[in-house]
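The values are calculated or read from the model by the stated rules, or taken from the named source; none is laboratory data. All figures in this text were calculated on a predicted structure; none of them were measured in a lab. With ideal geometry, Cβ positions are generated from the backbone for all residues, glycine too; neighbour counts draw on all protein chains shown.
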Amino acid sequence: MAAVTALSETPATSAGRPRGMQARRRRRLNAFRYVVFTVLGLFFILPLLALLRFSLEGDKLGTWSATAWRQIASYQNTGIPPLLSAIEITLELAIITCVVTLALLVPTMIWVRLRVRWLDRTIEFLCLLPLTIPAIVLVVGLGPIYNKIQHFSLSSLMLFWIYVILALPYAYRALAAALNAIDVTTLSEAARSLGASWFTVIVRVIAPNMRQGILNAVLLTWATVLGEFTIAYLLLYTNLQVELYSISRNTPNAGVLFSTSFAALLFAFVLLLILSYAGRARRGRG
Amino acid sequence: MAVAATTKTDARPSRAGHRLSAPSWVGTVPFLAYVGIFLLWPTGIVVVDAFKNPNGAWAFSNLTELGNPLIRGYFIGSFKLCVFSSVVGAVVGAILAYAVASGDPDGVVRRLYLSSSGVLGQFGGVTLAFAFLVLIGPVGLLFHASWYFDFPWGIGLIYIYFEIPLMVLVFLPAIDGLKVQWREASENLGSSAWQYWRYVGGPLLMPAFLGGTLLLFAAALSAYATIQAWENQVAYVVPQQISTALSSEVGLSNVNVADLLALGMVILMAIVMTGYALLQRRAARWLR
C-alpha cells in the first residue's frame, strides 16, 4: 500500500535528476527543512508543555504536585456550578448533538443522492453555510429563538439545537466523502429489485457502507462541541469552556484551570488523531 | 452527463409503481425545516433587525452608523488583527507546507505534521489563550513578553498558532500539484531556480496562496473565545463589541448595535469567502 501512495505522490524534488547538481541542492534543502521543522515544532509544542507544567505546579512555585489533576473531580467555587457538572453537561451535549446530526444528515443525504439529485447543490450550500456565518453573528439572531426554547426548558442541554448547525459543515464533508466512495445507485437498485423498502435501502444497505464517514462525522462533531464557547457564553449557559472561563475570572491561577484545559485538549487530540489514522487506513486499503 | 443519466434511471421505479405517493423532495423537509429554523431564521433576524430601531420601526439610516467613528474603530481593529495574523500565518504556513512537501511523501515527518495540523487547526478557544498565558504571559514559563497584552501583536501571535496548521492543510495540495516535469522543462530551457519560481512555480501557486490567506482571514475574523479569554476588559475587535452590546445592562437602546455589527461581519465574510471560492477555482485548474 505504501508503495502505491509513494508513487502517486512523488514530490517535486525527489524525482530522478542529474546527480551532480542535485547533491548540493538537496543538502541545502535538507538544512532548510530541518530548521523549519525545529523552529515551528518548538512553536507548536512549547505552549502545550507550559500548560502541562502549570497543571503540575505545587503550592510553591517550582514544586511538583498532582493536586490540580485530583481537583478536576471535586473543584467547586462560589457563584459557579461545580466543574464536574459542566464536564458532564458537555459530554451529554456531545452525544445528543452527534445523534441528532447523524439522524438529520445521513438519511437526507442518501435520499437526495438517490431521488432528488437536483437538491444536491442546495443541501451542500446549506451545510457549508455555517462556515461563513460566525457563531458570534448567529448568537445575535438566536436570542429571540432561545427565548422561546427557554419557555419549555432551561437546561443547558438545549444548546444541542444550535450545536447541530455548528457541526453541519464538518459532518457533511465527512459523510459526503463516504457517500462518493460507494456506488449508491447500484446498491439501491439491487436492494430495491430484491424488494427492499426505501427505509431498508437507507438504513440497512447504504448507511452501513458509510461506516468510516459516520465515524469521522462523529469525531468531528465531538471536537466541535467540546471546544464551543461563544454561543454557550453569550446565551448564558454553562458548558466546559464557559466554566473554565469563569474559573479563570475568579481565580486566575487556579491549578485546576490548567489541568482541566490540558485534559480536555488531550481528549480532543486523541479524537482527532483517531480520525486522521482511521482515515489513512481506509485510503490505504482502497 | 453522468448525473443526468442517474436521475433518469432513478426516476423510473417510482413512476412504474403506479402508487399515489408524495413527491420525493418531501423526504428532505425535516432537514430543510431544521436548517431554516436554526440557521436561516437567526441570520434573517440579524439582517432585518439591523435596519430597525430599538422600537421595532424601520430605520434604514442605521446603515450610516457603520461610518460612526466608534463602530468603524472596531472594524479597523478586527482588520488589523486579521491582516497581521493571516499574512504571517499564510507565509509561515506556506514555508512549512513546502518543507513538508519536499520530503518523503510517506515519511514520518509528513505524517506527523499532517495529523498535527488537522488537530492544531481545530485548537482554539479559551484553552489556547491559557496555554500562551502560561508560556509568555506575566508569569510565563519561557519569558515574560512585555508585548503580550499589546494589540494586535500578543493576540496575533496566539491566532498564528492555529492559522499556520490551517494554511498547511489548505496549501499542501497545491504544492503537491506542482509537476516535476514543469521544473524539468524550465531547467532544460536554461532557467535558474529563481527564474523557475518567478515565472512558473510562483504564478502557479499564487491563487492557492491568496485563497489560503483569505481563509485564514475569515478564521481570524470570526474567532471570539480566544480573544475574550486573552483580554476581557477592553473590546478591540467586532466580535468582542457584539458581545458587549448583547450583554450590556444599558438595555434596548443597544440591541440594534449588535445587529448592525453582526450585519457588517456577514457582509465582510461574504466578500472574503467569495474571493476564496474564486481563487480556489482558479487554483484548481492546475491541480488535476
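Of the set (1) under 11 Å from A:Ala171 (Cβ atoms); (2) out of contact with any Pro (no Cβ under 7 Å at 6 or more places or on another chain); (3) at the interface with chain B (Cβ under 9 Å from one of its Cβ atoms), all apply to A:Cys127 but (2). Going through (1) under 30 Å from A:Tyr34 (Cα atoms); (2) more than 9 Å from every other protein chain (Cβ to nearest Cβ); (3) surrounded by 18 or more Cβ atoms within 10 Å (Cβ to Cβ) one by one, B:Val92 falls short only on (2). A:Leu159 satisfies every condition listed in (1) more than 9 Å from chain B (Cβ to nearest Cβ); (2) within 15 Å of A:Ile89 (Cα to Cα); (3) in a loop (DSSP other than H, G, I, E, B) except (3). Inspect all residues belonging to region A:134-155 and state whether any of them is over 29 Å from A:Arg211 (Cα atoms) and in contact with a Gly (Cβ under 9 Å, 6 or more places away or on another chain). Within region A:134-155 (the criterion being over 29 Å from A:Arg211 (Cα atoms) and in contact with a Gly (Cβ under 9 Å, 6 or more places away or on another chain)), the answer is yes, since at least one residue qualifies. Only residues that are among the β-branched types (Val, Ile, Thr) and within 8 Å of another protein chain (Cβ to nearest Cβ) were counted in region A:20-69, giving 1. Against the test of being at pLDDT 90 or above, out of contact with any Cys (no Cβ under 9 Å at 6 or more places or on another chain) and under 26 Å from B:Met273 (Cα atoms), the options A:Ile110, A:Ile136, A:Ile95, A:Ile149 yield a single qualifying residue, A:Ile136. Could you list, in sequence order, all residues of region A:37-60 that are at pLDDT below 85 and part of a loop (DSSP other than H, G, I, E, B)? If the condition is that a residue be at pLDDT below 85 and part of a loop (DSSP other than H, G, I, E, B), then A:Gly58, A:Asp59, A:Lys60 are the ones that fit.
Do we have any residue at all in region A:135-150 that's among the polar types (S, T, N, Q), touching a residue at least 60 places away in the same chain (Cβ under 8 Å), under 30 Å from B:Asn256 (Cβ atoms) and more than 8 Å from chain B (Cβ to nearest Cβ)? Within region A:135-150, none of the residues are among the polar types (S, T, N, Q), touching a residue at least 60 places away in the same chain (Cβ under 8 Å), under 30 Å from B:Asn256 (Cβ atoms) and more than 8 Å from chain B (Cβ to nearest Cβ). Yes or no: region B:139-147 includes at least one residue that is crowded, with 20+ Cβ neighbours inside 10 Å and either more than 8 Å from chain A (Cβ to nearest Cβ) or within 22 Å of A:Gly227 (Cβ to Cβ) (or both). Taking every residue of region B:139-147 in turn, none turns out to be crowded, with 20+ Cβ neighbours inside 10 Å and either more than 8 Å from chain A (Cβ to nearest Cβ) or within 22 Å of A:Gly227 (Cβ to Cβ) (or both).
Okay, residues lined up against (1) polar (S, T, N, Q); (2) more than 12 Å from chain B (Cβ to nearest Cβ):
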position: A:Gln71; (1), (2): yes, yes
position: A:Ile89; (1), (2): no, yes
position: A:Ile95; (1), (2): no, yes
position: A:Val116; (1), (2): no, no
position: A:Asp120; (1), (2): no, no
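Put simply, of B:Tyr196, B:Tyr148 the only residue that is among the aromatic types (Phe, Trp, Tyr) and in contact with a Ser or Thr (Cβ under 7 Å, 6 or more places away or on another chain) is B:Tyr196. Close Cβ contacts (under 6 Å, 6 or more residues apart or on different chains) running from residues in region A:215-230 that are touching a residue at least 40 places away in the same chain (Cβ under 8 Å) to residues that are in a loop (DSSP other than H, G, I, E, B) and of a type in the set (Ser, Thr, Tyr) comprise A:Thr230/B:Tyr224. All told, A:Tyr34 meets the bar of being of a type in the set (Ser, Thr, Tyr), over 26 Å from the mean Cα position of the chain (by Cα) and assigned to a helix (DSSP H, G or I). The helices (runs of 4 or more DSSP H) falling completely within region A:170-286 that include 1 or more residues that are aromatic (Phe, Trp, Tyr) and more than 10 Å from every other protein chain (Cβ to nearest Cβ) map to A:211-226, A:255-285. When region B:215-246 is limited to residues that are more than 9 Å from every other protein chain (Cβ to nearest Cβ) and among the aromatic types (Phe, Trp, Tyr), the one that is nearest to B:Ser85 (Cα to Cα) turns out to be B:Phe217.
Of the residues making up region A:61-108, those that are under 25 Å from the mean Cα position of the chain (by Cα) and either part of a helix (DSSP H, G or I) or exposed (fewer than 14 other Cβ atoms within 10 Å of the Cβ) (or both) number 28.
The requirement of being in a helix (DSSP H, G or I), more than 8 Å from chain A (Cβ to nearest Cβ), in contact (Cβ under 8 Å) with a residue 24 or more places away in the chain and polar (S, T, N, Q) is satisfied by B:Ser86. Residues of region B:64-83 that are in contact (Cβ under 8 Å) with a residue 40 or more places away in the chain, more than 21 Å from B:Gly121 (Cβ to Cβ) and touching a Leu at 6+ places or on another chain (Cβ under 9 Å): B:Glu65, B:Leu66, B:Ile71, B:Tyr74, B:Phe75.
Do any residues in region A:24-36 that are under 21 Å from B:Val91 (Cβ atoms) have Cβ atoms under 9 Å from those of residues that are surrounded by fewer than 10 Cβ atoms within 10 Å (Cβ to Cβ), where the two are at least six apart or on different chains, and which pairs are they? Note: no pairs meet the criteria.
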